[in-house]
Amino acid sequence: MSNPPKDEDVLAAAQNLLSERLEVIKTLTADTRAERHAQVALLDLAKATAQTYAEALRIGWSPEELKRLGFNEPTVKLPGRPRRVRGGKSSGSVSTVPAQPEAADTIAPAASEAATA
């Protein structure tokens, strides 16, 4: 029979195994952080591209012209409310809702007496 290993030897071997595993975790942490920063930077750049594309449309370029020049419509949408489409149903109809609702104290006296009786 061989002699069992000393406690110090077992602990040293375990420490070596753990230190190798911890090195990978350190690298994984750094890589994950760098990836997150790159994703944020890419999103910021995509928003800037969408803004510039919208500006190109605003000054008169058509989506077809931009496509022929090699610029695809951005996949990132700009923040804000979507613009209303002109034409179609008109909203020029007169509203039938009164500007201010009648006050509660204008109820007929007979109705208010019946409610309190």
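The values are calculated or read from the model by the stated rules, or taken from the named source; none is laboratory data. As the structure is a prediction and not an experimental result, all values here were calculated from the model. Cβ coordinates were reconstructed from backbone atoms using ideal geometry, including for glycine residues, and neighbour counts include every protein chain displayed. What goes into the accessible areas is simple: the full protein's heavy atoms, side chains included, and nothing from ligands, DNA or RNA. Shrake-Rupley method; radii C 1.70, N 1.55, O 1.52, S 1.80 Å.
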Whole-Hz Karplus couplings 3J(HN,Hα) for the range 47-52, θ = phi - 60° and coefficients 6.51, -1.76, 1.60, Gly and Pro as x, run 5, 5, 5, 4, 5, 5
For the range 53-69, Karplus-derived ³J(HN,Hα) couplings (6.51, -1.76, 1.60; θ = phi - 60°; whole Hz; x for glycine and proline) come out as 4, 4, 5, 4, 5, 5, 8, x, 6, 9, x, 5, 5, 5, 5, 5, 7
Quick one: how many Å² of Val10 are accessible to a 1.4 Å probe, rounded to 10? 80 Å²
Give the accessible area for Ile59 in Å² (nearest 10); use a 1.4 Å probe, count only protein heavy atoms, and leave out ligands, DNA and RNA. 110 Å²
For the range 1-91, with the dipole built from +1 on Lys and Arg beta-carbon atoms and -1 on Asp and Glu ones, taken about the Cα centre, which of Pro4, Thr49, Val24 lies farthest toward the positive end? Thr49
From the phi angles alone, apply the Karplus equation (6.51, -1.76, 1.60; θ = phi - 60°) to the range 22-36 and give each ³J(HN,Hα) in whole Hz, x where the residue is Gly or Pro. 5, 4, 5, 5, 4, 5, 4, 4, 5, 5, 5, 4, 4, 5, 4
Top to bottom by accessible area (1.4 Å), largest first, where do Arg84, Arg21, Arg33 land? Arg84, Arg21, Arg33
